[in-house]
Amino acid sequence: MDPVLPQRFKERYSSIVDDPEALFTCLMSMPPKSFRVNTLKTSAENVKARFNEYGLKITGVPWSNGAFTTDSLEIGSTLEHFLGHIYIQELSSMLPPIIMQKEIEQSHLVLDACAAPGSKSTQISAIMQNSGTLVANDVDYGRIRALKFNLEKCGVLNSVIINQDLRYFPNLQFDSVLLDAPCSAEGTIRKSYSALKLWSEKKVFGSAKLQQQLITKAYDLLKPGGVMVYSTCTFAPEEDEAIIDWLIQKRPDAKLENISIEGLKYSHGIEDWNGLKFSDEVRKAIRIFPHYNNSEGFFLAKVKKND
Amino acid sequence: MIENCNKQEKLLVLEYLKERFGIEADLFSNYEFYSGGQGRVYLAPSGISNIQKIVTVGLSVARTSSTVKPTTNFFQSFGSFVKKNIVLPSKEKTLKYLKGEDFQLDELEMNSSTEGYVMIQYKSGNNTFFLGCGLFQNNWIKNVLPKEKRLDIKFI
Ligand SMILES: C[S@@+](CC[C@H](N)C(=O)[O-])C[C@H]1O[C@@H](n2cnc3c(N)ncnc32)[C@H](O)[C@@H]1O
């Protein structure tokens, strides 16, 4: 039987998206295969030339030089995949490091607080050009193996892998922090029907509790003047704007930065949800709905700790 | 447990890389060598001793026991600096290598290599690819590619 979206799911999101039917239809289709070029090992030009020789059609995206989609199911059978010249990654999952690229470039010490299996860590290290230090942490020891495998495959030299519950992370101070938080993963429904089967509002509320603790800790690990990106792959405002609002209340020196990504369609964070009113700062966060760019769903906020 | 390599272990690796592959030590001057137990030697940033609860760091360069065994990831990252003991298998044999199989080399493919660990290299048009490590013995390459890396590659 074909999976269907729960009625409650539809009710929740009809009011916060411009075209609910387009969203719901899109959620029932597979996203395109996509990958990112690993600039620690090669260049987008090289990869394009090679795939051209293979006769595998790949298409670039307007918002990044190194991101491609393809209809081919065979990118995993290329030499480039074996060598870590490309990293198979969902399009919207590439956005967190992109919106903090400038800050990462200027950082000596970067924390990827929930890093496994390493899609964004490998991307951050490439932006750092293997200099400085990237601390990649995850609480789940089982996922650390994949993190290590992917970092080494991509030729990452500047990494330190830590296996800690972020809430009890030792007190260090980082120039930049990425918190790609564990979430109810509603945005990944297209790729994985298990996310749909497991969906419940209870899960949303449970994730939000943990995210409140994670975001305050991640923020406290940030140096004054530093930037933290908070991201989730879920639509639930309880896990998105509400978490940012919580941080702003708990840490008054936290200020949101505007995000702009040329060539990408997105909408802004919402200020009202289910009778809750958030700080108008949350409008600076962005929401990627799957039907906007034929990707998965994502939420991103860029927070600066004032000096 | 990750700790700074002792001088002896670091020297053992550097001398081996220089002697067998012609790699100069100063290539690594921006990084530090670490020891991760069971003879594993890693290359990673310096100045990380204040970080607690480290599981692992950077790139595993080699494993030391009675001899030194360089890793496939090491060759993939530093292959362009390797000057000798490079073998050049045909396309067919390269595909075998990527799958994890052993194969025999002819004279030309051996490329004057001597027995021991070698780097497997593949050329296609103007591109040179550094694929990984193999053990060269009796004209054969014994495959030492880690199981999780082995792939049935169609496009090469
Ligand atoms: C969305 S996934 C991260 C994906 C990763 N950033 C990537 O791009 O490959 C969230 C991760 O958070 C980890 N996690 C969950 N609770 C955590 C905690 N309390 N401390 C640290 N990591 C945690 C999970 O194990 C999971 O790997």
Can you spot the lysines whose alpha carbon is less than 18 Å from B:K10's alpha carbon? Ignore those fewer than 8 places along the same chain. B:K18, B:K69
FRET efficiency (B:Q137, A:S131; Cβ distance; R0 56 Å; to 0.05) is 0.90
Computed, not fitted: 222 nm per-residue ellipticity of chain A from DSSP H runs ≥ 4 (each -39500 (n - 2.57)), nearest 500, equal to -9000 deg cm²/dmol
Let's see if you can work this out: charge +1 on each Lys and Arg Cβ, -1 on each Asp and Glu Cβ, no other charges. What is the dipole magnitude of the stretch A:1-133 about its Cα centre, in debye to the nearest 20? 220
Could you pull out every one of the aspartates and glutamates with an alpha carbon less than 16 Å from that of B:K123, ignoring same-chain neighbours closer than 8 positions? A:E53, A:E80, B:E92, B:E109
On a 0 to 90 degree scale, rounded to 10, what angle separates helix B:7-21 from the longest Cα axis of chain B? 20
So who's got an amide H within less than 5 Å of the one on B:D102, skipping anything under 5 residues away but keeping other chains? H placed 1.01 Å off N, in plane. B:N143
So if I restrict to the alpha-carbon atoms in chain B, what is the Rg, and what is Dmax, the biggest pairwise distance, in Å? 16.2, 51
Figure the gain on full extension for A:L73 and A:Y193 (residue separation times 0.36 nm, minus the Cα-Cα span) and round it to one decimal in nm. 41.3 nm
Treating only Lys and Arg (+1) and Asp and Glu (-1) as charged, each at its beta carbon, one finds that the stretch A:71-156 has a dipole about its Cα centre, in Debye to the nearest 20, of 240
In nm, to one decimal, how far is the B:Q38 label point from the A:D272 one, both placed 7 Å along Cα→Cβ? 5.9
Under the rule a/c < 1.5 gives rounded, and otherwise a/b versus b/c splits prolate from oblate, where does the stretch B:82-156 land using the Cα gyration tensor? oblate
Taking R0 as 35 Å, what FRET efficiency do you get between B:S49 and A:K102 from their Cβ-Cβ distance, rounded to the nearest 0.05? 0.75
Please enumerate, by chain and number, the lysines with C-alpha under 21 Å from the C-alpha of A:K305, excluding those fewer than 8 residues away in the same chain. A:K102, A:K217, A:K223, A:K250, A:K255, A:K284
Phi-based couplings in Hz for the stretch A:245-253 (Karplus 6.51, -1.76, 1.60; Gly and Pro marked x): 4, 4, 4, 4, 5, 6, 10, x, 7
If the limit is 29 Å between Cα atoms, which of A:K148/B:K154; A:K41/B:K142; A:K48/B:K142; A:K153/B:K7 go over it? A:K48/B:K142
Can you give the helix-only mean residue ellipticity at 222 nm for chain B, where every DSSP H stretch with n ≥ 4 adds -39500 (n - 2.57) and the sum goes over all residues, rounded to the nearest 500 deg cm²/dmol? -6500 deg cm²/dmol
Only sites in a loop by DSSP and with at most 15 other Cβ atoms within 10 Å count here; which GluC sites (Glu not before Pro) in the stretch A:37-132 make the cut? A:E74
How about the stretch A:196-272: which GluC sites (Glu not before Pro) there are in a DSSP loop, with at most 14 other Cβ atoms within 10 Å of their Cβ? A:E262
In this structure, the FRET efficiency calculated for A:D307 and A:S200 from their beta-carbon separation, with R0 = 30 Å, to the nearest 0.05, is 0.10
Considering Cα pairs under 8 angstrom that are at least six residues apart, work out the relative contact order of the stretch B:86-149 and quote it in whole percent. 36
The percentage of the accessible area of chain A (probe 1.4 Å, all protein chains present) made up of carbon and sulfur atoms, to the nearest whole number, is 50
How much length is gained if the chain between A:A22 and A:Q212 is pulled fully straight, taking 0.36 nm per residue apart and subtracting their Cα-Cα distance, in nm to one decimal? 65.3 nm
As I understand it, the dipole of chain A uses +1 on the Cβ of Lys and Arg and -1 on the Cβ of Asp and Glu, about the Cα centre. Which of A:A218, A:T70, A:M28 lies farthest toward its positive end? A:A218
Nearest-20 debye value, the protein assembly as shown charge dipole, Cβ charges on Lys, Arg, Asp, Glu: 760
Mean separation of Cα pairs under 8 Å and 6+ residues apart, divided by the residue count of chain A: what relative contact order is that in percent? 18
Residue by residue, what Karplus-based ³J(HN,Hα) values in Hz, rounded to whole numbers, does the stretch A:63-78 have, using 6.51, -1.76 and 1.60 with θ = phi - 60° and x for Gly and Pro? 9, 7, 6, x, 10, 9, 10, 7, 8, 5, 9, 10, 5, x, 10, 9
Just to confirm my numbers, what's the Cα centroid distance between the stretch B:120-135 and the stretch B:1-33 in Å? 23
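The values are calculated or read from the model by the stated rules, or taken from the named source; none is laboratory data. Just so it is clear, the structure is predicted and the values come from calculations on it, not from any experiment. When we count neighbours, we look across all protein chains shown, and the Cβ atoms used for this are built from the backbone with ideal geometry, even at glycine. Side chains are part of the model used for accessible areas, which takes the heavy atoms of the whole protein and leaves out ligands, DNA and RNA. Shrake-Rupley method; radii C 1.70, N 1.55, O 1.52, S 1.80 Å.
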